[in-house]
Amino acid sequence: MNLPERGPDQVRIGIAIEVPEPFATQLQDARARFGDPLARSIPPHVTLLGPTVLDPAGLDAARAHLAAVAATAAPFQVHLRGSATFRPISPVVFIQVVEGIAECEHLERTIRTGPLAQELRFNYHPHVTVAHEVPDAALDAAFDEMATYEARFEVAGFSLYEHGDDGVWRPEQVFPLTADAGTATGS
């Protein structure tokens, strides 16, 4: 995982949609089965903003920005189905988001403004990782085994995660999506 360096007083955050139970346990167990060493450190999620370093003073501005973004979006459905890969660009196998793409793209684009503005390393593509930087045989197994995986759930909010000194990503705050479906922007 490509993590930005952080100073002793800084925090490393990420913004993501949490995958709910029972799907979270299913996907985390699958990631562990494929030998991914980060399986227990990264809860299953759809990334909206990748690892980002902030000074403590910037965290309050980021939280206010995230609350404002959440207020402009309505809850929506996500449908995960089937496996795909970023190979040969990146050694990743993931579960595809086949419904809820536009809503994820809108949230990602809106979150990545103001105090969280930044350039992307790769084009944004909503997904749930199930194998990352493991041997090719494990990537092949993940691709084959997860080809028929399917899950549906409602997204009622997104979470701010902090990356602990122990290497674990933990949700620290949920930002509920509070707009009505008819008045939400970008939907």
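On a C-alpha basis, how far is the centre of segment 93-145 from the centre of segment 46-89 in Å? Whole number, if you could? Computed from Cα coordinates, the inter-centre distance equals 10 Å. Given a 1.4 Å probe and the protein chains as shown, T178 ends up with an accessible area of around 90 Å².
Rolling a 1.4 Å probe over the heavy atoms of the protein chains gives segment 22-157 an accessible area of 47 Å² per residue.
When you restrict to C-alpha pairs under 8 Å that are six or more residues apart and normalise by the size of segment 1-143, the relative contact order lands at 28 percent.
Only protein atoms count toward the accessible area here, which uses a 1.4 Å probe; on segment 89-152, the carbon and sulfur part of that area reaches 50 percent.
Counting only protein heavy atoms and using a 1.4 Å probe, the accessible area of S41 comes to about 20 Å². Just the protein heavy atoms count here, and of the accessible area of segment 33-81 at 1.4 Å, carbon and sulfur take up 60 percent. Each label point was placed 7 Å from the Cα along the Cα-to-Cβ direction; for Q26 and A61 their separation is 4.2 nm. The length gained by stretching the chain between A68 and R33 to full extension, at 0.36 nm per residue less their Cα-Cα distance, is 8.7 nm.
Put a plus charge on the Cβ of each Lys and Arg, a minus charge on the Cβ of each Asp and Glu, and nothing anywhere else: the dipole of the chain about its Cα centre is then about 180 debye. You can think of it this way: the chain between D180 and A147 has 8.4 nm of extra reach, that is 0.36 nm per residue less the Cα-Cα gap. Can you work out the PRE-style zone for E105? Point 7 Å along Cα to Cβ, and I want the residues of segment 32-57 with backbone N under 20 Å. Under cut-off, by backbone N: 46-50. In summary, the convex hull built on the alpha carbon positions of the chain has an orientation-averaged projected area of 10.1 nm². At 1.4 Å probe size, what's the solvent-accessible area of F122? Round to the nearest 10 Å². Per-residue accessible area (F122): approximately 110 Å². Note: relative contact order over segment 82-187, using C-alpha pairs below 8 Å and six or more positions apart, is 28 percent. With the helix formula -39500 (n - 2.57) applied to DSSP H stretches of n ≥ 4, the chain reaches a computed 222 nm mean residue ellipticity of -8000 deg cm²/dmol.
The values are calculated or read from the model by the stated rules, or taken from the named source; none is laboratory data. Just so we're clear, the structure is a prediction, and the values are computed from it rather than from any experiment. No Cβ is skipped: glycine too gets one built from the backbone with ideal geometry, and neighbour counts run over all protein chains shown. In case anyone asks, the SASA skips ligands and DNA or RNA and just uses the protein heavy atoms, side chains included. Shrake-Rupley method; radii C 1.70, N 1.55, O 1.52, S 1.80 Å.
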